[in-house]
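Input: a single structure, listed below in structure tokens.
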Amino acid sequence: MHQFTRAIVRKPGKSFAKGITTSNLGKPSFELALEQHAAYREMLKQSGIDVIVLEADERYPDGCFVEDTAVVTNEAAIITRPGDPSRLGEEESILQTISKYKKIERITAPGNLEGGDILRVEKKFYIGITKRTNTEGANQLAQLLKKYGYTATQVPVKNILHLKTGIAYLGDNNFIGVDELKGIAQGKNMIKVEQSEEYSANCLRVNDNLIIPKGFPKSKSQIVSLGYNIIELEMSEFRKMDGGLTCLSLLF
Ligand code: CIR
């Protein structure tokens with residue numbers, strides 16, 4: 001599995017509760033979100049990551065979900081073009097920061113693409129076609145990835161926000177995901193999440209650790225059996241805004 005050395009994160013702002021959500025789980029607490037974000041940053045440090053922390057930008061309530069603003073490979077950072085108008089512009093400060101470390105490529109109009117729709121499995125990328133990522137954006141990304149020696153496959157996604165809302169690659173040919181996306185794991189091992197625990201399909205492998213959301217016992221018992229070094233994080237406030245573990249960082 002790819003080893004990461006750095007991550008960019010952005011703290012949630014006071015406008016956090018004004019972001020986009022479909023969850024019906026109520027209004028998030030800003031204070032609790034800050035606490036949970038601090039625990040997330042601590043987890044990254046424990047996993048050997050040098051964490052670059054950006055302050056909140058109140059213009060963008062969803063700005064803490066930095067994953068959506070770039071797709072980062074060894075060779076380049078591909079700056080995305082978020083598919084919801086309220087999120088367009090978040091990518092500019094990420095560009096400023098990441099350009100210190102990576103060559104920059106960009107997704108351009110009429111392409112839309114959000115990083116939550118991009119699943120990397122070793123040298124292969126899956127690109128979810130969703131309300132946020134259109135085929136134009138996906139084609140542009142596929143071309144760029146091809147240039148750097150990767151392959152890309154487009155996957156239509158229904159019923160969930162992003163591709164990675166429903167599936168994660170844990171490394172070692174292991175996936176966790178929802179039934180709809182089982183095709184991606186064909187011939188490999190996939191832990192199937194039950195509908196009541198759907199949120200736990202978004203896990204995050206960071207170097208030697210596997211990060212899982214707290215409160216999903218059925219998924220957890222199956223993940224434990226795979227033998228990973230597990231860190232559980234409380235994600236309640238981000239979940240209220242449709243965000244998961246992968247959304248909160250850009251790892252490279
Ligand atoms: C949104 O709807 O855009 C945010 N409230 C949640 C984004 C979550 N990001 C992700 O899954 N990569």
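Read-outs throughout are calculated quantities, based only on the coordinates presented, and are distinct from any laboratory measurement. Being a predicted model, the structure only gives us computed values, none of them experimental. Every residue, glycine among them, receives a Cβ derived from its backbone with ideal geometry; neighbour counts consider all protein chains shown.
Some points to look at:
- Rounded to the nearest 500, the 222 nm mean residue ellipticity of the chain from helices alone is -6500 deg cm²/dmol, with -39,500 (n - 2.57) taken per DSSP H run of at least 4 residues.
- Distant-in-sequence amide contacts of residue 230, defined by a placed amide H-H separation under 5 Å and a gap of 5 or more residues or a different chain, comprise 210.
- Shape class of the range 47-176 from the Cα gyration tensor (axes a ≥ b ≥ c, square roots of the eigenvalues): rounded, since a/c falls below 1.5.
- Among 201, 168, 74 the positive-end extreme of the charge dipole of the range 6-251 (Cβ point charges): 74
- HN-Hα J in Hz across the range 13-22 - Karplus 6.51, -1.76, 1.60, θ = phi - 60°, x for Gly and Pro: x, 5, 7, 3, 5, 8, x, 7, 8, 10
- Net +/- balance of residues flanking residue 161 in space, Cβ distance below 15 Å, scoring K and R +1, D and E -1: -2
- Cα gyration tensor shape of the range 1-108, rounded if a/c is under 1.5, else prolate or oblate by comparing a/b with b/c: oblate
- Normalised contact order of the chain, rounded percent, pairs of Cα under 8 Å and 6 or more residues apart: 23 percent
- Centroid-to-centroid separation of the range 84-127 and the range 168-240 [C-alpha atoms, Å]: 24 Å
- Karplus-derived HN-Hα couplings along the range 111-123 (A = 6.51, B = -1.76, C = 1.60, θ = phi - 60°), whole Hz, x at Gly and Pro: x, 10, 7, 10, x, x, 8, 10, 10, 9, 10, 6, 9
- Three-way shape call for the chain based on the alpha-carbon gyration tensor, with the a/c threshold at 1.5: rounded
- The range 1-45 residues near the modelled residue 151 label - backbone nitrogen below 13 Å, point 7 Å along Cα→Cβ: none
- 5 angstrom amide H check on residue 129, placed H, neighbours 5+ away: 155, 157
- Summing +1 for each Lys or Arg and -1 for each Asp or Glu among the other residues whose beta-carbon sits under 13 angstrom from that of residue 134 gives -1.
- Distant-in-sequence amide H partners of residue 175 (H built 1.01 Å from N, under 5 Å): 170, 189, 190, 191
- Charged-residue dipole, Cβ positions (Lys, Arg, Asp, Glu), the chain about Cα centre, Debye nearest 20: 440 debye
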